[in-house]
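Visitor: First the structure, which I've put down as structure tokens, then a few questions once you've had a look.
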Amino acid sequence: MGSQRSKVEIKGFEAKYYDILMGLLTFGQYNKWIRRAVRGTGVGRGFNVIEFGSGTGVAACEFSKIIGESGRYIGFDIGEEMMAKAIKKCRKRKNVEFAKERIEHPIRVPFKADIVFMSFVMHGLENQDKEKVIKNAYHNLKEGGIFAVFDYSQIKYQDASWFAKLLIWKLECPLAGEFAEMNFPEFVKNYGFEYSKVKKYFRGLFSLYLFRK
Ligand SMILES: C[S@@+](CC[C@H](N)C(=O)[O-])C[C@H]1O[C@@H](n2cnc3c(N)ncnc32)[C@H](O)[C@@H]1O
């Protein structure tokens, strides 16, 4: 069971209409941003990829196209309805699989990954769970592999645009505001990663944080 302060475990109505709701909230841009973030990880043919919180499978399909038949993708998620959508979306893709697991529990896959990817999950975890997830990413990556986290940028409330204030501090859970104001790269570096770079999207509101093992 996740924290009471978190909203990233998606069920019921929200899960059923997740893609539509995200589309409405982002003026139809959500899936496009996810696909851009996937390409921004530097993924290539034959790569082995793990995703934590794979949701409705938007990133899975994009990774699948890029890695080709010689690559492998495993998405982990705890939401049954979200995973059912992902399985349906990726049903023709032979290099994709999904597993129902909590990502703060120890995750062991039968390969070392080139990339561990997360999108819009990290901000909704309490710090002790962030720590467990980061350790999971580290364990499952090969040396030199990339931990790619697509999420809110580092923004102080007083400097935020009205849209960022509405989205992060009103519509999102309290953890999202804490995430935006923390020094996330420094936090991740504590667990052995080297901070590689950040790529900004949508007028700087979202960031793709890239860390190297
Ligand atoms: C906000 S959604 C993001 C989904 C997708 N990554 C995206 O960007 O559209 C968060 C996803 O993470 C999953 N999730 C949240 N907490 C989790 C946990 N502790 N373990 C596994 N999955 C989790 C939810 O079920 C949901 O599918």
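Visitor: Going by how many other Cβ atoms sit within 10 Å of their own, how do 5, 102, 72, 91 line up, fewest first?
Guide: Fewest-to-most ranking of 5, 102, 72, 91: 91, 5, 102, 72.
Visitor: I need the per residue convex hull volume for the chain, using only the alpha carbons, in cubic angstrom as a whole number. The partial results should precede the final answer.
Guide: Working: hull volume 23.5 nm³, N = 213.
Output value, Cα hull per residue: 110 Å³.
Visitor: Same structure again: Taking H placed 1.01 Å from N in the peptide plane, check which residues at least 5 places from residue 99 or on another chain put their amide H under 5 Å from its amide H.
Guide: It is 75, 76, 77, by chain and number.
Visitor: OK, next. If you bin the C-alpha pair distances of region 4-54 every 5 Å from 0, what whole percents do you get?
Guide: Bin by bin from 0 Å, the calculated values are 4, 15, 18, 23, 17, 13, 7, 1, 0.
Visitor: Now, a different point. Using the C-alpha atoms of region 35-146, what convex hull volume per residue, in cubic angstrom, is computed? Don't skip to the end; give the middle numbers.
Guide: Numbers: hull volume 10.4 nm³, N = 112.
Looking at region 35-146, the number lands at 92 Å³ per residue.
Visitor: Still on this structure: Give me the mean projected area, in nm² to one decimal, of the convex hull enclosing the Cα positions of region 102-181.
Guide: Values: hull surface 23.0 nm².
Mean projected area of the Cα convex hull: 5.8 nm².
Visitor: Given 16/142; 11/197; 100/142; 7/200; 16/112, which pairs have Cα atoms separated by over 26 Å?
Guide: Working: 16/142 35 Å; 11/197 33 Å; 100/142 23 Å; 7/200 24 Å; 16/112 33 Å.
From the list (16/142; 11/197; 100/142; 7/200; 16/112), the Cα-Cα distance tops 26 Å for 16/142; 11/197; 16/112.
Visitor: Related question: Calculate the length of the line joining the C-alpha centroid of region 23-62 to that of region 134-213, in whole Å.
Guide: Each part reduced to its Cα centre gives a spacing of 16 Å.
Visitor: So, one more: Which values, in whole Å and largest first, are the semi-axes of the equivalent ellipsoid of region 171-213 obtained as the square root of 5 times each eigenvalue of the Cα gyration tensor?
Guide: Computed over region 171-213, the values are 20, 15, 6 Å.
Visitor: So, one more: Would you mind calculating the gained length between residue 101 and residue 143 on full extension (0.36 nm times residue separation, minus the Cα-Cα distance), in nm to one decimal? Spell out each step's value before the answer.
Guide: Numbers: separation 42, 0.36 × 42 = 15.12 nm, distance 2.42 nm.
12.7 nm is the gain from fully extending residue 101 to residue 143.
Visitor: Taking the simple approach of a point 7 Å from Cα along Cα-to-Cβ for both residue 135 and residue 186, what is their distance in nm?
Guide: For the pair residue 135/residue 186, the computed spacing is 2.2 nm.
Visitor: Take each of the peptides 130-136, 160-166, average the number of other beta-carbon atoms within 10 Å over its residues, and list them starting from the highest. Intermediate values should be presented prior to the final figure.
Guide: Details: 130-136: 20.4, 160-166: 13.6.
Top to bottom by mean Cβ count within 10 Å: 130-136, 160-166.
Visitor: Report the calculated FRET efficiency for residue 159 and residue 126 (r = Cβ-Cβ distance, R0 = 30 Å), to the nearest 0.05.
Guide: Numbers: r = 25 Å, r/R0 = 0.83.
Result of the calculation: an efficiency of 0.75.
Any read-out appearing in this document is the output of simple, stated calculations on the displayed coordinates, not a laboratory observation. All values reported here derive from a predicted model rather than from experimental measurement. Cβ sites come from the backbone with ideal geometry, for glycine too, and all protein chains shown count toward neighbours.
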